[in-house]
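Engineer: So that we are looking at the same thing, I have put the structure below in structure tokens.
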Amino acid sequence: MRVLVFNAGSSSLKFGVFDGDARIFKGSFDRFRDDGCDFVFCDPTETRGRAPHGDLDTAIAAVPAVLADHGIDGLDAIGHRIAHGGTEFAKPALLDAECIARIEALIPLAPLHNPANLAAVQMARRIWPELPQLGVFDTSFHLTNPARATTYAVPAEWRAAGLRRFGFHGTSHKYVALRAAKEIGAPLSDLRIISVHLGNGASVCAIQRGESLDSSMGLTPLEGLVMGTRSGDVDPGAFGFLHRQLGLSIPQIEHALYHDSGLKALTGSSDMRDVEDRAAAGDAEAQAAIHLYAYRARKYVGAYAAAMGGVDAIVFTGGIGENSASMRRRICDGLDFMGLDLDHDRNAHVDLADYAAPQIQAYGSRVRVIVTETAEQLMIAREVAASLARPAITPRPIPIAVSGRHVHLSPEAVEALFGRGYQLTIDRQLRQPGNWSAVERVAVEGPKGTLHDVAILGPLRKRTQTEVSRTDSFALGIDVPVRDSGQLDGTPRVRLIGPAGTFDTDGLIVAARHIHTNPQDAVAMGLSDGQVVQVEVTGGTGRGVTFSRTLVRVAPNAFTEMHIDTDEANAAGIVGAADGALVPGIAGAPAA
Ligand code: ADP
């Protein structure tokens, strides 16, 4: 599929054409002024010069002729980078009138970025009315962030008005995490990655098992790292102070934090190349700025390693992350306490051609360090193609089963809890063939309280797994992660209590909702193993709940049903039985 990708800002328009993963054209119109703008085209031969376009609209209007001049035709779709998708856009969305209105409603959250993005959408819809146009949102990747990462501790009224952390650069962080996992040769779902995107805008993202856990930008792209012209973290008390001491208004302070801060404020230049050159020539201001820049980035790396309980790989990207060996070194030096040891030679000689992702850690370093070009446009093209290529799903009700808290025991756990050689007694067979519940029960003890009478489900497993609801996690007093069954590395420990003794083990999880199905039913419903779908609850008390991010697990002989936990059932108003309906189209996206 041939996709034209637009990344429109207030002062520049970047665009690219992709055929599958192959980039066949890259272009930009930059620095719009009354007398025109600069252009760069690359097909892959590069040409540069001045063009007469003074604003975004005229620049977009020129794109069809540019593509025709380079012999590019046969476009199938258009993808637009959209900065802010709020909480509603977790996936790429078809840019119809309703969708555009929803993005317009988000302008207060991104007053600089969304209007430019939307102007490009409107113009492109006029130029290519026959092509499907999709928005890919910078915020979508971070919608997996837990509330503890997204909540500001501010009055409830403010939070109700929408004040929360979102995070940006999501397409870049997602792309580099996927690229790093491929380079490492491990599934993304097994890795804890810290992605360090250092461009004019800059952010760090903690990616735990393929999902964004936290990132350094917040409500707006101002929070976090020191950037080209943006301040990054500043005490919000600064607003009152500056108002009282200097008489500045809120718009004046906000403008300065976006446009006259960061490297520009510290050194007079927002461009890291200038700052590094001046620092090397002995300029004390530039040296101090570099120290501050690296220190802030390193603080976030440390924080996210702690947040994830460790880190497997750090990935550098963005203009500075890709090109500045000295900045990478400043950020990494001294992190040997957490198992990171850089190879200075490799760091000094990275070649990023053809989407390469070289590893630059020293031999034996526990943490890998990877550098790769951020390919946001490629990622947008991929997401657009994947959204449009999705197979139609045949509507068919899926029975929903509600799982109460339970444990799966290992043979060692059975011995510890019930005595040597003890065999559990089967009480009844479950609907999944070969699975049963036992007559025996155990207690699960946490630092806050104990859950009694917890069911044991068989058959025995290699590793003990304890599944509780989020409500239970508070009764226990343990922060319990949401995990797919069997993904137990790094999960909290808990004490199980049986009649013959206790068993301390990790494996305490809130089970991620999922659909069990067999290959025949999967084909009939257009599903595949590992796909992530949305399911609307159609029975129950009709509270109108749709569950997103539901994992499909296909196994021979599985009985087709969806498993949710008691909290989810309560939220959906399910009492007894209910059915679910797959939500077709873009929402039922395959897992990335
Ligand atoms: P954007 O966020 O606008 O896409 P980029 O990712 O292109 O920005 O990053 C621009 C930044 O990268 C600038 O500060 C620029 O100075 C810096 N940069 C580019 N090349 C180098 C280099 N060789 N050494 C240091 N910094 C570099």
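Engineer: Identify, among PRO155, HIS408, GLY85, the residue whose Cα sits farthest towards the positive end of the charge dipole of the chain, taking +1 on the Cβ of Lys and Arg and -1 on the Cβ of Asp and Glu, with the dipole about the Cα centre.
Structural biologist: Farthest towards the positive end: HIS408.
Engineer: What three numbers, in Å, describe the spread of the alpha carbons of segment 454-529 along their principal axes, ordered from the longest?
Structural biologist: 47, 25, 21
Engineer: Quick one: Cα centre-to-centre distance for segment 313-360 and segment 97-128, in angstrom?
Structural biologist: About 36 Å separates the Cα centre of segment 313-360 from the one of segment 97-128.
Engineer: Can you spot the lysines whose alpha carbon is less than 18 Å from LYS91's alpha carbon? Ignore those fewer than 8 places along the same chain.
Structural biologist: LYS174
Engineer: Mind giving me the FRET efficiency for ARG329 and VAL523? R0 is 41 Å, r the Cβ-Cβ distance, nearest 0.05 is fine.
Structural biologist: After rounding, the FRET efficiency stands at 0.20.
Engineer: A follow-up question, please. Tell me the label-point distance for the pair GLU104, ALA156, using the 7 Å Cα-to-Cβ offset, in nm and rounded to one decimal.
Structural biologist: Inter-label distance under the simple model: 3.4 nm.
Engineer: Using a 1.4 angstrom probe on heavy atoms only, work out the carbon and sulfur share of the accessible area of segment 491-562 in %.
Structural biologist: Numbers: 1510 of 3070 Å².
The nonpolar share, carbon plus sulfur, comes to 49 percent.
Engineer: Work out the length of the dipole vector of the chain about its Cα centre, built from +1 on the beta-carbon of each Lys and Arg and -1 on the beta-carbon of each Asp and Glu, and round it to the nearest 20 debye.
Structural biologist: 1000 debye
Engineer: Under 17 Å from the Cα of LYS462, which lysines turn up, not counting those fewer than eight places away in the same chain?
Structural biologist: none
Engineer: Reachable aspartates and glutamates from LYS264, Cα under 20 Å, same-chain residues fewer than 8 places away excluded?
Structural biologist: ASP30, GLU223, ASP233, ASP235, GLU254, ASP274, GLU276, ASP277, ASP283, GLU285
Engineer: Go from 0 up to the bin containing the longest alpha carbon distance in segment 433-592, width 5 Å each, and give me the % of pairs per bin.
Structural biologist: Spelled out bin by bin, segment 433-592 gives 2, 8, 15, 18, 19, 17, 12, 6, 2, 0, 0 percent.
Engineer: Note down the accessible area of ASP489, probe 1.4 Å, to the nearest 10 Å².
Structural biologist: In the full protein context, ASP489 sits at about 90 Å².
Engineer: Show that you can apply the helix-only estimate: for the chain, add -39,500 (n - 2.57) for every DSSP H stretch of four or more residues, divide by all residues, and state [θ] at 222 nm to the nearest 500.
Structural biologist: My calculation for the chain gives -9000 deg cm²/dmol from helical runs alone.
Engineer: So how far apart, in nm, are the two label points at GLU46 and ILE250 if each is 7 Å from Cα heading toward Cβ?
Structural biologist: Between GLU46 and ILE250, the simple spin-label model gives 4.4 nm.
Engineer: Moving on to the next point. What FRET efficiency do you get for ASP345 and ASP30 if R0 is 30 Å and r is their Cβ-Cβ distance, rounded to the nearest 0.05?
Structural biologist: Approximately 0.30, to the nearest 0.05.
Engineer: Accessible area of segment 142-207 with a 1.4 Å probe: how many percent of it is carbon plus sulfur?
Structural biologist: Looking at segment 142-207 in its full context, I get 54 percent from C and S.
Engineer: Continuing with the same structure: Expressed as a fraction of 2.2 N^0.38 Å, the rule-of-thumb size for a compact globular protein of N residues, what is the C-alpha radius of gyration of segment 217-361? Please report the intermediate quantities before stating the final value.
Structural biologist: Numbers: Rg = 17.1 Å, N = 145, 2.2 N^0.38 = 14.6 Å.
This ratio for segment 217-361 stands at 1.17.
Engineer: Same structure again: When the dipole is taken about the Cα centre of segment 179-305, and only Lys, Arg (+1) and Asp, Glu (-1) are charged at their Cβ, what size is it in debye, to the nearest 20? Can you show the working numbers first?
Structural biologist: On the way: 12 positive and 15 negative charges, 54 e Å.
Computed charge dipole of segment 179-305: roughly 260 debye.
Engineer: Right, another one. Carbon and sulfur: what percent of segment 1-60's accessible surface (1.4 Å probe)?
Structural biologist: With neighbouring chains kept in place, the figure for segment 1-60 is 47 percent.
Engineer: With the other protein chains left in place, how much accessible area per residue, in square angstrom, belongs to the chain at a 1.4 angstrom probe? Working shown, then result.
Structural biologist: Values: 26620 Å² over 592 residues.
Per-residue accessible area for the chain comes out at 45 Å².
Engineer: Counting every Cα pair in segment 188-277, what percent are over 18 Å apart? The partial results should precede the final answer.
Structural biologist: Values: 2107 of 4005 pairs.
Cα-Cα pairs in segment 188-277 separated by more than 18 Å: 53 percent.
Engineer: Give the Rg/Rh ratio for segment 369-465, taking Rg as the radius of gyration of the Cα atoms and Rh as the Kirkwood radius, to two decimals.
Structural biologist: So for segment 369-465, dividing Rg by the Kirkwood Rh gives 1.25.
Engineer: Moving to a separate point now. Over segment 2-121, what portion of Cα pair distances is larger than 17 Å, expressed as a whole percent?
Structural biologist: 58 percent
Engineer: Got a sec to turn the phi values of segment 126-136 into Karplus ³J(HN,Hα) couplings, 6.51 cos²θ - 1.76 cosθ + 1.60 with θ = phi - 60°, whole Hz, x for Gly and Pro?
Structural biologist: So the Karplus estimates, Gly and Pro as x, are 6, 6, 10, x, 7, 9, x, 10, 10, x, 10 Hz.
Engineer: In addition: Could you give the radius of gyration (one decimal) and Dmax (whole number) of the Cα atoms in segment 85-131, in Å?
Structural biologist: In order Rg, Dmax, the Cα atoms of segment 85-131 give 10.8, 31 Å.
Engineer: Given a Förster radius of 35 Å and the C-beta distance between ASP57 and LEU352 as r, what FRET efficiency does 1/(1 + (r/R0)^6) yield to the nearest 0.05?
Structural biologist: Details: r = 34 Å, r/R0 = 0.96.
FRET efficiency, ASP57 to LEU352: 0.55.
Engineer: Hey, could you pull the Cα Rg and Dmax for the chain, both in Å?
Structural biologist: Here Rg and the maximum Cα pair distance are 26.3, 86 Å.
Engineer: Under 1.5 on a/c is rounded, so check that first for segment 91-180, then, if it is not, pick prolate when a/b is larger than b/c and oblate when it is not; a ≥ b ≥ c are the square roots of the alpha carbon gyration tensor eigenvalues.
Structural biologist: The shape class here is oblate.
The values are calculated or read from the model by the stated rules, or taken from the named source; none is laboratory data. These numbers come from a predicted model, not from an experiment. Virtual Cβ from ideal backbone geometry, glycine too; neighbours counted across all protein chains shown. For accessibility, only protein heavy atoms count, side chains too; no ligands or nucleic acids. Shrake-Rupley method; radii C 1.70, N 1.55, O 1.52, S 1.80 Å.
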